[in-house]
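The values are calculated or read from the model by the stated rules, or taken from the named source; none is laboratory data. Source: prediction; values computed, not measured. Ideal geometry is used to build each Cβ from the backbone, glycine not excepted, and the neighbour counts take in all protein chains shown.
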Amino acid sequence: MSLHDPLAPPPNPGAATVADLQAMDGAQALCVMLFRDWFAGSEGRARVEGVFVEAFGPDAGTMACDAWAELSALLTARTRRPVMRHAMTCRCVGADEAVVAQVLSLAARGEREDAMLVLSLLVPGDRLLSAVDVAERAGIALLRLAACWRRDHRAATAPSPSIH
């Protein structure tokens, strides 16, 4: 027999573990990490801005960070329920984190209707069109950032042309 309280509020489904961070593709894992860091306070936001500025330069980096900030603000105001995230050091990915990563990926690839459908899990219908516009800008910046990191990683790990 369990001691379940029928009057207790249900746990927030957005925190439910749905994936492992290491099993996600690079851009989506990066999205989850930036999402977590952004909400880690002013130091986290500064780190995220630094990542964009370092990758794209001051002007384009600031624009990319502005898109990220707008998306983050959208996900903290007037959502269907509080949007959840796991700790920075957690390997598991929560449902809401996976939704955000998927929405950015879809929107950046121009799959707006699918992005709106997935985003409707978090955002009320009257805000979906403007939310997808923001997600598209943030998603494109994220995909560009992931491409920069892949390029830099390949360059850093490329084999030396000399044998000795």
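Remarks
- Out of A98, A55, A77, A60, one residue alone is of a type outside the set (D, E, K, R) and within 15 Å of F35 (Cα to Cα). It is A98.
- Boolean, E113 is assigned to a helix (DSSP H, G or I), at pLDDT 95 or above and surrounded by 11 or more Cβ atoms within 10 Å (Cβ to Cβ): no
- Selection within region 80-95: residues that are among the small types (G, A, S) and outside any loop (DSSP other than H, G, I, E, B). The member of this set that is nearest to M33 (Cα to Cα) is G94.
- C148 vs. criteria under 28 Å from V53 (Cβ atoms) and at pLDDT below 95: yes
- Listed by first and then second residue, the pairs with beta-carbon distance under 8 Å, at least 6 apart or on different chains, first residue in region 45-57 and free of Cβ contacts under 8 Å to residues at least 60 places away in the same chain and part of a helix (DSSP H, G or I), second surrounded by fewer than 18 Cβ atoms within 10 Å (Cβ to Cβ) and among the β-branched types (V, I, T), are E49/T62; V53/T62.
- Test: residue in region 78-85 that is under 21 Å from V18 (Cβ atoms), surrounded by 13 or more Cβ atoms within 10 Å (Cβ to Cβ) and of a type in the set (V, I, T): yes
- Residues in region 23-40 that are modelled with pLDDT under 95 and acidic (D, E): D25 only.
- Against the list (1) farther than 15 Å from A108 by Cβ; (2) exposed (fewer than 14 other Cβ atoms within 10 Å of the Cβ), the condition D25 fails is (1).
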